Amino acid sequence: MALALAILVLLPLGWLAATSLTTDNAPRELTFRHYHQLFVDRSFLEPFWVTLWTSVAVGLLCVAFAAPMAWLVSRTDLPAKRLLRMMILASFATPPFLGAFAWVLLGGPNAGLVNHWYYWITGFKPFEAESLVNIFSAWGIVFVTALYTFPYVFTFVATSLDHIPSDLEEASAILGAPAWRTAIDVTLPLALPALLAGFLVAFLQSMTLFGPAAILALPASIDTMTTRIWSLFQFPPKLGLAAAASLPLLLITVVLLRAQARIMGRRGFSVLGGKSTGQRLLRLGVWKPVALLPFAFVLSCSVLLPYGVLAWTAFVKNYSAPAAGNFTFDNWKFVFLEFSQTRLALTNTFLLGVSAATAGTLLATTIGYLSLRKLVWGHRWLSFLATAPVAIPGIVLAVGLFLAYTHAPLVLYGTLTIIFLAYLTKEMPVGYQQVASSLKSVHPELEDASRIFGATRLRALVDVTAPLIRNGVIATWMFIFIGSIRELSATILLFTARTKTVSVTMFDLRESNDWGPIAVLSLTMLAITFAMILAINFFNDRRVT
Amino acid sequence: MKTHWKMTLTALAVAMAAAAPAAAQDKADVAAAEKEGKVVWYASVDVKVAEAIAEDFRKAHPKIDVEVERSGSERVYQRVNQEHQSGIKHADVVNTSDSTHFITWKKKGMLAKYVPAGVDKIDKDYRDPEGYYATWRATLCVMGYNTNIVPPNQVPKGYKDLLDPKWKGKLTKAHPSYSGTSLTGTYAITKVLGWDYLEKLSKQNVQQLQSTTATPKSIASGERAVMVDGNEYNMFIEINKKSPVKVIYPVEGTPFVSSPVAVFSDAPHPHAARLFADFLFSQKVQQYLVDKGGLRSVVPGVKDPEGRTPLSQIKVIPDDPEGMLPHVEEIKKKYAALFGGGK
Amino acid sequence: MTHLELAGLTKRYGGVGAVEDVSLSVAKGEFICLLGPSGCGKTTTLRMIAGFLEPDGGEIRVAGEVVSRPGRSLPPERRNMSMIFQSYAVWPHMTVLENVAYGLKMQKRPAAERRERALAMLAATRLTDHADKYPAALSGGQQQRVALARALAPNPAILLLDEPLSNLDANLRGEMRMEIRRLHEQFGNTSIYVTHDQMEAMTMADRIVVMNGGRIEQIGTPHEVYDAPKSRFVARFIGASNVLEAKHVGGNQVEVAGHALEIGRGDFAGAGRDMSFCVKTHDVDLVPDGTAHGNNALPGVVRSHAYLGSHRDYIVDVGQEMLISAPASLDLAPGAKVSVRFHADRCRGLVQ
Ligand SMILES: Nc1ncnc2c1ncn2[C@@H]1O[C@H](COP(=O)(O)OP(=O)(O)O)[C@@H](O)[C@H]1O
Ligand SMILES: [Mg+2]
C-alpha cells in the first residue's frame, strides 16, 4: 500500500527532476542547459513575470474583497446570509475555465455583452470609445481568476473570524471603542494570519491554474507559465524544458504551503479556544443596501452573469445578436445528436470520474484508517504521502506523469489509465482529509467497545466504523467525482483523441469559437456538479449524531 | 514452450492479415469495412461540416460508425505525430489544411497508398503522383469585415490597407502555429509583402485567435471589425446564417489553400478507412462541401452555387507546400515573436 | 480465590514507563479501584487487561491461564470481558436495545434469548422505556446506563470500567455510583474500576490500588488506605491530610522547627534523619493562644480562613502551611497567633 502510494507520488516527480537535467535526445547526458535557458530566454522570463505579478494581483484582490465581506457576514446583521453563502458555494463549484468561457462572452471588448450594455447605456460606439472591460488582457486573467479564487479566501477568512473569541472584541467595545475601531484594532490583527494564508492560497491557485490563462491569454498574446509549459508539449515536445519549467512551480508551491502552515500555527485555526457563542451582531440599519453591494458585485460577476450568458448562448444562434429570431435548439441538437465526440467525451469523463472517485475513496479510507489507528509501521509516512500531492500543481503533475509513463515498462500514454492516475493523485489529499476528518469523529473507543464484546477487528470495522463513516465516505466519493469531471490542467497534457474528456472537448471547441456547443456542455457539467452537491447535502443532513 | 510458439505465430498471422490491405488494394471492401464497424477521422474542417458528412456516411453504411476528431491543422498534425511516436494507433483517415504535413508523413511512411474512386480524374496539381494523398477540399484564405461596423466606403481593399491607424484594435487574425490555413496564408503574405509587413501589422493590436474557423465568427459577433485571414467557407456559412459579414479578396492576391485527405498505413480500420475516403471524394460529398460547406472543390463535375465569385475571377496566390516546408518552423517562430502565442 | 492476576506488568512508550512492575491479585467477585492522578498509567493498565495493549514485561493471568505476556496476547474479543468507557462509546447508529444486545449477538445466542436478556438488562438499568430510541435522544446519564447495561448483558467474567462517571455532572455521579455498586452486587462480576476521584474509590471499592507514576503505591481496603497511608503521596492524594516535614529524634519523638512532637504510629526514619508525618485536617486542635506550646503543640499564625457552615477551614503557618478544620464557632482573624495541638495516636510517621 505504502509502496503503491510512494510510486504514485514519487515516480512522476523523480522523472521530472531527471528529465530536467538530461538532454532530450540520446545519448542522454547530464546538462543544466534547460535551466540555463529558463533564465536567459525571454520567452520564459516574460511568462514567469506575468505569472508572478498576476498571481500577486489575484491574491491582493481576493483579500481586499474577502476581508470586509467575511467581516460583514460574521459580525453584522447582514440580510440574506444563507442565500449569500449558498451563492458563494455556487461560485466554489464553478470550474474556473467555465467562468473564463462565460467571461469571453461577457467581456470581449466589442461583442461582449457587458460592453454591449455599456455602449447602449452610454451611447458610445464600439471601436470608437474604449470598451468597459477587455477580458483578453492580463487584467482579464486576474479578474476571472480572482472571481473563482475568491470563495477559497472568503471561506478561509470567514471561518477564522467565526473562531475568534467574541470576548476579545467585547473587551474592546466595553472600553468605548466604536465598532469600526474594534474591527481595525482587534479583529483585523487577530484575523491577519488568516488573511495572509488566504493570500497565499489565492496566489498558488492563480499561479497553477491553466484554464483562464489559456482561454484569455492567447487572444491577448500573453503567456503564463502554465500556458508556456503547455505549448512546450506541442509536437515535437520539448520535455527537458517542460520539466525544468515545471520545477519552479513545484518549489514555490511547496515553500508557500509550508509558510502558510506556519502562519496558521500548528493547531490549525479550528480550535482557538475562547468562547464565541452569543456573538453580538452589529446593526447595519440603513447601511444594509450598501453592505450588500460588494456581494452583489462579486456574485454577479462569478455566478449570475456567467450562468446567465451560458444559458443565453446555449439557446441562440449568435450570442451577440438581439433576441428576436435568434432562438434555437440547434446547439443542443448538435451536442447531443450530431457531435460524435460528445458520447466519447461523456463516457470517458464519467468513467474517469467514477473510477477515480471509487479508487480514491477506497485508498483514502484504507490509508486514513491505517494511519489514524496507527495500525501499521510507518503510518506517519502514509498520511504524509497521501497529503503531499497538495503541493503538486496539476500541470506539473501531468508533466511528471507524461514523463513517467511514456517509457517502458509502463507505457500508459494514450490510455485512460494515465489520466486516471493523474486524477487519483490530485484528489488524494482532498479525499484523505475528508475521510480522516470523519474517521476522527469516530471515537476509537466505539471500536474498542465492539472488540471487547467479542467482535474481531474486521467485524468491528463492519459493525461500527463503516456505518459511522459512511456518509463521510459517500461525500468523499462525490468530492473526488466533482473534482475529476472538471479537471483540465492535467488532462490537457495527457489526453489523446481516444481519451478526450468533456473539459478538453470544450477547450477544443473554443479553438474555433463554437460558443453555442460550449455553453451547452458547460450547462451540462454544472447540472451534474450541482446534482452531486445537493446529494452531498442530503447525506450530510441525515448524518446521525 | 510449445504453446508459447503457437501464440507468437498466431499473433504474427493476425498482424500480417491486418497489414495485408495496406500492401495493395485499389478498391474498398464493404464487407470487411462493416466488420471493422468503425472509422476514425482526424480533420481540420469545420466541426459542423465534419459531423454532417460523418452522419451522411453513417446513413449510407449503418454498420460503420464514424468518430470525428476535429482540431486545427497543426494540432491534428501534432496529435498524429505524438500518437504515432507513442505507438498509439487510433486515426484512420486524416485531413488538414497544411499540405506540408502530407509530404512529411509520406516520407516517414505513415501514409497508405490509396487512390479513392474518382481521384484519378482530378487535375494532377491537386494529387500526389504516387497516389498517397489528394486535395479533398480547398478554400481561400480571405479577408472579411463586419458590415455593421465598417461603412461601405471604408472597406479595406487588401492587406496593405490594414496598416492604416484607423484599424488599430479592430483586426483579428488566426495563428499559423495552430491553423494550416493561416500558415499557408501567412507564408503567402510574407512572399508577397515580406516580414516587414507583418511586423507593422503586429503593431495594430490584432486580436490573436487560433483557428481560421474562429476569425469569421469573431467579426460576425462584432468582436472585431476586419479579419486578416479566415476561411472563405466559414464566411459563406456566416453569410448563409445572415450574419452581417462580407468577404474581401485582397488586391495583393488571395492565398489558395489545398486541404488533402489521406489514409494512414497503420490505420486500425483499414477497410473502413478506404471506404470512407471513397465517400469523401464522392460527387455527393463534394457538392455538399461546396453548397453547405462553402468550400471549393477540385473534383470535376462539382458546380459552384449561384452568386459565388468563381475561382477564375479571383487573383489567387497558389499554395506551394514543397517551398513552404523548410520554412514552417521559422514562420511559426517569427510570427510568435511578433504576435505572441504558440511559441 | 484469585481470579485475575497481574504479575510484574510493564508498558513503556519510547523508553518511558507508563506502567512499571505492577503486580496485583484480584479475587473472584471483588470490586477493585485503580486510583491515581491523571497520567499515572491507570488506563494503560486497564487496556492491557482488556487486551488492547500488549505488555512489554510481566504477564496477566485469568483463572490461572496466561492471557497476556510480551509477544503473545489474546485479542480482546476472546477474553470474555466487558468494558465501560469514559466516552460511553455507545454506538450512535444502533438503538438502545441493539446496543445492549450486541455482546449477546457476538456470543451467537438465539435471537429470542438475546432480546429477553437485553430487555432484562434494560429493566435493571431502568431504561425499558428507551429501548427503541437512538442514543442521540438520551441524556448523558441515560447513555451511561446504556453502556452499563451493554457491558453487563453478556454476563462477563470480568468487568472493566475506565472513569465511567467523569463526564457526568456531580448529582448524577452520586446516583450512578450507587447504581454501579448495586449492579455489581446483583451480578457478582469481578470488576476493575479506574478513577482519579478518591471519593468514588472510597465509596465503591472492596480494595483500592493507589497508583503513581506507573507504579503501585499502596493496595488496601478503603479504610486502610485512608487511615494508614503508606507514603506521602497516598496521604496527600487520599485527601484531608496534612503532610509535615520533620526530623526523627529517636523512639516516638520527632522535631519540627525546634519543637518536639510525639508520633503515635507509622514508620520512622532513624535517629537524626529527615522524615514526614501526616495528620488529618480535623485531627488537630486549633487553640487561640500563641503560647500553648510544649504540650505536643506548635505555634502558628492564621493566614486565612473560610466559613463553611458546619465548620471553618483555616490555613495556619507553623513554619509550613497546614489546613485545619476547626469548629464553626471558633472565629479567628488572619494574623492571629495560635497554637496547633497534635494527638500522638492521630499522627502517622511516613518515610516513603
Ligand atoms: N499511545 C501512547 N503513546 C505514548 N505515550 C502514551 C500513550 N498512551 C499513554 N501514554 C503515556 O503513558 C502515561 C500513562 O497514561 P494513561 O494510562 O492514559 O494514564 P491515566 O489513564 O492514568 O490518566 C501517560 O504519561 C501518557 O502520556
Ligand atoms: Mg485514563
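The values are calculated or read from the model by the stated rules, or taken from the named source; none is laboratory data. Everything numeric in this text was worked out from a predicted model, so none of it was measured. Neighbour counts run over all protein chains shown; Cβ positions are idealised from the backbone, glycine included. Note: accessible area is taken over every heavy atom of the protein model, side chains too, but ligands, DNA and RNA are not part of it. Shrake-Rupley method; radii C 1.70, N 1.55, O 1.52, S 1.80 Å.
Observations
- Checking C:Pro299 against (1) surrounded by fewer than 17 Cβ atoms within 10 Å (Cβ to Cβ); (2) farther than 30 Å from C:Glu217 by Cβ; (3) out of contact with any Leu (no Cβ under 8 Å at 6 or more places or on another chain), the condition it does not meet: (1)
- Of all the numbered requirements in (1) within 14 Å of another protein chain (Cβ to nearest Cβ); (2) more than 19 Å from the chain's Cα centre (by Cα); (3) without any contact (Cβ under 8 Å) to a residue 24 or more places away in the chain, B:Pro152 misses one, and that requirement is (1).
- For C:Pro75: the one exception among (1) within 14 Å of chain A (Cβ to nearest Cβ); (2) over 21 Å from the mean Cα position of the chain (by Cα); (3) within 16 Å of ligand 1 (Cβ to nearest atom): (3)
- Test: C:Glu163 is within 16 Å of ligand 1 (Cβ to nearest atom), touching a Phe, Trp or Tyr at 6+ places or on another chain (Cβ under 6 Å), open to solvent by less than 60 Å² (accessible area, probe 1.4 Å) and closer than 26 Å to C:Gly41 by Cα: no
- Of all residues in the stretch C:193-203 being open to solvent by less than 10 Å² (accessible area, probe 1.4 Å) and within 13 Å of ligand 2 (Cβ to nearest atom), the one that is farthest from C:Val234 (Cα to Cα): C:Tyr193
- The listed residue being over 25 Å from the mean Cα position of the chain (by Cα) and open to solvent by 20 Å² or more (accessible area, probe 1.4 Å), out of A:Ala6, A:Ala67, A:Ala17: A:Ala17
- Residues (part of a strand (DSSP E or B), surrounded by fewer than 16 Cβ atoms within 10 Å (Cβ to Cβ) and under 30 Å from the mean Cα position of the chain (by Cα)) located in the stretch C:318-348: C:Glu321, C:Leu323, C:Pro327
- C:Val26 vs. criteria away from ligand 2 (no atom under 16 Å from the Cβ), in contact (Cβ under 8 Å) with a residue 24 or more places away in the chain and in a loop (DSSP other than H, G, I, E, B): no
- Subset of the stretch A:483-519 [surrounded by fewer than 23 Cβ atoms within 10 Å (Cβ to Cβ) and more than 13 Å from chain B (Cβ to nearest Cβ)]: A:Gly483
- Highlighted here would be strands (runs of 3 or more DSSP E) found entirely within the stretch B:34-142 that include at least 2 residues which are open to solvent by less than 20 Å² (accessible area, probe 1.4 Å) and more than 14 Å from every other protein chain (Cβ to nearest Cβ), but there are none.
- For the stretch B:304-343, a residue qualifies if it is of a type in the set (Gly, Ala, Ser) and open to solvent by 70 Å² or more (accessible area, probe 1.4 Å), and the qualifying residues are B:Gly307, B:Ser312, B:Ala337.
- Any chance A:Tyr307 is open to solvent by less than 80 Å² (accessible area, probe 1.4 Å) and within 11 Å of chain B (Cβ to nearest Cβ): no
- Test for C:Met94: is it open to solvent by less than 40 Å² (accessible area, probe 1.4 Å), more than 16 Å from ligand 1 (Cβ to nearest atom), touching a Pro at 6+ places or on another chain (Cβ under 7 Å) and not hydroxyl-bearing (Ser, Thr, Tyr): no
- When residues of the stretch C:166-190 are limited to those that are within 14 Å of chain A (Cβ to nearest Cβ) and touching a helix residue (DSSP H, G or I) at 6+ places or on another chain (Cβ under 8 Å), the one farthest from ligand 1 (Cβ to nearest atom): C:Asn189
- The stretch C:12-33 - residue that is within 8 Å of ligand 1 (Cβ to nearest atom) and more than 14 Å from chain A (Cβ to nearest Cβ) and, of those, least open to solvent (accessible area, probe 1.4 Å): C:Val19
- When each of C:Leu160, C:Leu165 is tested for being closer than 21 Å to C:Met204 by Cβ and either of a type in the set (Lys, Arg) or outside any loop (DSSP other than H, G, I, E, B) (or both), the lone residue that passes is C:Leu160.
- Candidates are the residues of the stretch C:34-49 that are more than 8 Å from ligand 1 (Cβ to nearest atom) and more than 14 Å from the chain's Cα centre (by Cα); the one that is farthest from the other protein chains (Cβ to nearest Cβ) is C:Met48.
- The number of residues in the stretch C:62-89 that are in contact with a helix residue (DSSP H, G or I) (Cβ under 8 Å, 6 or more places away or on another chain) and of a type in the set (S, T, N, Q) comes to 4.
- Looking at A:Phe481, A:Phe530, A:Phe507, A:Phe538, just one residue is over 27 Å from A:Phe339 (Cβ atoms) and in a helix (DSSP H, G or I), and that residue is A:Phe538.
- Options A:Val56, A:Val40: the member that is under 25 Å from A:Ala213 (Cβ atoms) and modelled with pLDDT of 90 or more: A:Val56
- The stretch A:466-477 - residue that is touching a residue at least 24 places away in the same chain (Cβ under 8 Å) and open to solvent by 20 Å² or more (accessible area, probe 1.4 Å) and, of those, farthest from the other protein chains (Cβ to nearest Cβ): A:Trp477
- B:Gly222 fulfils the conditions (1) more than 9 Å from chain A (Cβ to nearest Cβ); (2) modelled with pLDDT under 90; (3) surrounded by 24 or more Cβ atoms within 10 Å (Cβ to Cβ) except for a single criterion, (1).
- All helices (runs of 4 or more DSSP H) inside the stretch A:371-465 with 1 or more residues being surrounded by fewer than 19 Cβ atoms within 10 Å (Cβ to Cβ) and in contact with a Gly (Cβ under 9 Å, 6 or more places away or on another chain): A:379-387, A:416-440
- Search result, residues across the stretch C:60-90 that are in a loop (DSSP other than H, G, I, E, B) and either within 16 Å of ligand 2 (Cβ to nearest atom) or in contact with a Leu (Cβ under 6 Å, 6 or more places away or on another chain) (or both): C:Gln86, C:Ser87, C:Ala89
- Checking each residue of the stretch B:195-211 against the condition of being within 14 Å of chain A (Cβ to nearest Cβ), under 28 Å from A:Trp515 (Cα atoms) and part of a helix (DSSP H, G or I) gives at least one match.
- Against the criterion of being aromatic (Phe, Trp, Tyr) and within 10 Å of another protein chain (Cβ to nearest Cβ), B:Tyr233 does not qualify.
- Residue within the stretch C:185-200 that is of a type in the set (A, V, I, L, M) and over 12 Å from the mean Cα position of the chain (by Cα) present: no
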